Amino acid sequence: MHIKEIHIDGFGLYNDFRLNGLKRGVNVIIGKNEAGKSTLHRFIRYTMFGYPRFRDRRMPPVRGGAHGGRIIAEMAAGEELVIDRSGSGRLSVIAGRKEFESDEELVRLLGNTNEAIYNKVYAFTLDELVNLDALAESGVEDKIFSVGMGLGNISLAGIEEDIRKDIETFHKPGGRGRLIGDYLKRAGEIKELIAAKQNLMPKRRELQGLLEKLDEESRGLQAELQEKTALAARLENLLKCHNSCIKYLRVVRELEDLPVPAGYPEKGIERLEKLEEKREELTDRLRIIEDGGAGNKGIAELKELARDEGYNRKLAEEAGRVEYVKENLSMYSAMLKDYREDAAAAGKYRKELNELVEGIDRSWTPDTVEGLKSGEIHRSAIQSYISRLDEIKNKRLQAEAYAQTMRQAAWPAFVRNIAALASVLLLIASIPAFYYSLHVAGGALVLAALAIFAGSRIPGAEKPARQADDEIDNLKEQEEKILSAYNSYMAERIGVRGEVPPESSLQLLAAIDKCAGMIDRIMEIESRQKERKSFFDQYEQVVLALAPVAGLSEDAGNANIASLAHIIAVAFAKADEKRKQTDKYSDELNARQKEAENLVKRVEELDNETGKLLRTADASTPDEFRKKG
């Protein structure tokens, strides 16, 4: 396995650390004391084989970051391996296209290398190297010898460990075991075998050096062989073309011996014809560009088409504002319809409100009602005042009936008969009161009838009559206090100016609440109308500003805004289409003019080159040049 990259999120003094570009073979990491070399070594070991059990040995990050990281390696078969482990113990391994979280599967991928083998073979420290005795203890010497002998992953220390286990199994203290001698004998034979093979190590190193030297010589001879083979192939090719080369050199010498015409250029006529042919081609192309042809318009025609005449360029340049008008036209029309409907509804509500306020009090206005305060808590309080007043009135009615009875106690017989008749009438009057659930009033009438009837039969009632008069005065005083408190409540808490009879107060509150609800609906409509009006003003301002640009009359402001917007959009579409067409012709005209200029320059260059060719033969015209050739 080849470790390619190390990524540390947080481990010891490392935070967000990346070590890339590790190559196969030996990679030397150099740093001062406490630079983090040992910490990096621990990170590799913990990531591959797990973090220690005790937290104080897990190297938590001291500079922040998630505890843990990952190692990216390449397996022997070329497959990428990613080992990601956190300090909390979470493991994620990706091998090729598979992902798993098993330490057992990871050990299998690492060639069954566990932490013990790693520490003994791959990760011995500086202290272990300094202490030569530790080489044997850590198993490094054993591993080096095993690898050198071609034993692969077989560990001599492992063999000894197995022997110790067998001793514990078969020869425990106090037990019976006869195999110990055989095991000791086998152990001695194995040690002798080890010693014999260790004696072969110097000879092996000598042979290994000789093999490397022979390999180097073989590579040199192979390179020399390739060089000689290439030279032989080249010489063979030269031999194949030797005869043709002799003929070519002979012809060249014969041509050099032929006389050359004085002053006449070599292949002059051919060169002249090529120049004339090229000039005619360029001239034809220039004529097509200027006059048109082959499905293309000429420069003169393009100039005519590229003029700005025939459309409203100013309107075509108003793309931004026209786009605003087009995008918001539907919304403007819909909002205008809603605006008018809400305006009609608000007018209807105001009319109903005025009628309702006038029905409450002709001197009131909607502003008066809007300033009043109502609510369920006021209804409860006013109902309490009404109940108390009814109670006082009933008591006063009873007291007055009793006093009247006491005064009539000494009346003559006909007066007592009248009193009896009055009692009967009061009893009859109590029947509808009980029928309509006015129990308090009905009870009061019954008591009054009984009091009148009884009083008419009681002699000497002057003194009780005076006591009843005193109670009546007291009840009147209480009634006045309750009325005063009621009027104060209506003025201070509800805000009603003037006296309102208690029996009418609840109807007044209901009317005030209805008025308040209508006022709220009117204010809600006015709020929406205000927002719409802001949009209307902005939209209409843009439309009216574009109207003159679109060529509409000055009284366009009196026209329907939606109709103006539609007319402007149509006019802009025509102008924009014409502008695009004109710009297209203008661009084509510029390209043709530039191409014509280049062709003229190239024709001039061909004429100059032709003149130079004619002058070499001292000729003034192409015909004269041909005659001299």
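Only one residue in Asp342, Asp338, Asp284, Asp308 is in contact with a helix residue (DSSP H, G or I) (Cβ under 8 Å, 6 or more places away or on another chain), modelled with pLDDT of 85 or more and surrounded by fewer than 16 Cβ atoms within 10 Å (Cβ to Cβ). Which one?
Asp338
Select from segment 66-81 the residues that are small (Gly, Ala, Ser) and buried (at least 17 other Cβ atoms within 10 Å of the Cβ) and list them in ascending order.
Gly68, Gly69, Ala73
Return the only residue of Asp16, Asp84 being surrounded by 13 or more Cβ atoms within 10 Å (Cβ to Cβ) and in contact with a Ser or Thr (Cβ under 9 Å, 6 or more places away or on another chain).
Working: Asp16 fails: in contact with a Ser or Thr (Cβ under 9 Å, 6 or more places away or on another chain).
Of the residues listed, the single one that is surrounded by 13 or more Cβ atoms within 10 Å (Cβ to Cβ) and in contact with a Ser or Thr (Cβ under 9 Å, 6 or more places away or on another chain) is Asp84.
What's the number of the only condition in (1) open to solvent by 60 Å² or more (accessible area, probe 1.4 Å); (2) β-branched (Val, Ile, Thr); (3) touching a residue at least 12 places away in the same chain (Cβ under 8 Å) that Val570 fails to meet?
(3)
Could you list all residues from segment 43-56 that are farther than 17 Å from Gly111 by Cα, surrounded by fewer than 18 Cβ atoms within 10 Å (Cβ to Cβ) and in contact with a helix residue (DSSP H, G or I) (Cβ under 9 Å, 6 or more places away or on another chain)?
Pass one, segment 43-56, residues farther than 17 Å from Gly111 by Cα: 43, 46, 51-56.
From the residues that got through so far, the ones that are surrounded by fewer than 18 Cβ atoms within 10 Å (Cβ to Cβ) too are 52-56.
If the condition is that a residue be farther than 17 Å from Gly111 by Cα, surrounded by fewer than 18 Cβ atoms within 10 Å (Cβ to Cβ) and in contact with a helix residue (DSSP H, G or I) (Cβ under 9 Å, 6 or more places away or on another chain), then Pro52 is the only one that fits.
Here are Met48, Met59: which of them is in contact (Cβ under 8 Å) with a residue 60 or more places away in the chain and within 23 Å of Lys4 (Cβ to Cβ)?
Every option except Met48 fails the conditions.
Enumerate the strands (runs of 3 or more DSSP E) found wholly within segment 54-107, keeping only those where 3 or more residues are of a type in the set (A, V, I, L, M, F, W, C).
Qualifying strands (runs of 3 or more DSSP E): 68-74, 80-86, 91-95.
Results for (1) on the phi > 0 side of the Ramachandran plot; (2) of a type outside the set (S, T, N, Q); (3) open to solvent by 50 Å² or more (accessible area, probe 1.4 Å); (4) modelled with pLDDT under 85, shown as yes or no for each residue.
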{"position": "Gly495", "(1), (2), (3), (4)": "yes, yes, no, yes"}
{"position": "Leu508", "(1), (2), (3), (4)": "no, yes, no, yes"}
{"position": "Arg521", "(1), (2), (3), (4)": "no, yes, yes, no"}
{"position": "Phe535", "(1), (2), (3), (4)": "no, yes, no, no"}
{"position": "Ala547", "(1), (2), (3), (4)": "no, yes, no, yes"}
{"position": "Asn558", "(1), (2), (3), (4)": "no, no, yes, yes"}
{"position": "Lys578", "(1), (2), (3), (4)": "no, yes, yes, yes"}
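Would you be able to tell me the number of residues in segment 79-120 that are over 33 Å from the mean Cα position of the chain (by Cα) and under 22 Å from Arg57 (Cα atoms)?
Within segment 79-120, residues that are over 33 Å from the mean Cα position of the chain (by Cα) and under 22 Å from Arg57 (Cα atoms) number 9.
Any residue at all in segment 595-607 that is in a helix (DSSP H, G or I), without any contact (Cβ under 8 Å) to a residue 60 or more places away in the chain and in contact with a Leu (Cβ under 7 Å, 6 or more places away or on another chain)?
No, segment 595-607 contains no residue that is in a helix (DSSP H, G or I), without any contact (Cβ under 8 Å) to a residue 60 or more places away in the chain and in contact with a Leu (Cβ under 7 Å, 6 or more places away or on another chain).
Please specify each residue of segment 13-42 satisfying the condition of being polar (S, T, N, Q) and over 38 Å from the mean Cα position of the chain (by Cα).
Asn27, Asn33, Ser38, Thr39
Go through Leu255, Leu214, Leu231 for me and flag whichever is open to solvent by 70 Å² or more (accessible area, probe 1.4 Å), aliphatic (A, V, I, L, M) and at pLDDT below 80.
Going through Leu255, Leu214, Leu231 in turn, just one is open to solvent by 70 Å² or more (accessible area, probe 1.4 Å), aliphatic (A, V, I, L, M) and at pLDDT below 80: Leu255.
Restricting attention to segment 24-34, does a residue exist that is open to solvent by 100 Å² or more (accessible area, probe 1.4 Å), closer than 17 Å to Lys4 by Cα and either among the basic types (Lys, Arg) or in a helix (DSSP H, G or I) (or both)?
Yes; the residues of segment 24-34 include at least one that is open to solvent by 100 Å² or more (accessible area, probe 1.4 Å), closer than 17 Å to Lys4 by Cα and either among the basic types (Lys, Arg) or in a helix (DSSP H, G or I) (or both).
The values are calculated or read from the model by the stated rules, or taken from the named source; none is laboratory data. Computed from a prediction, not measured in an experiment: that's the story for all the values here. Glycine gets a Cβ as well: all are built from the backbone with ideal geometry, and neighbour counts include every protein chain shown. Ligands, DNA and RNA are excluded from the accessible area calculation, which covers all protein heavy atoms including side chains. Shrake-Rupley method; radii C 1.70, N 1.55, O 1.52, S 1.80 Å.
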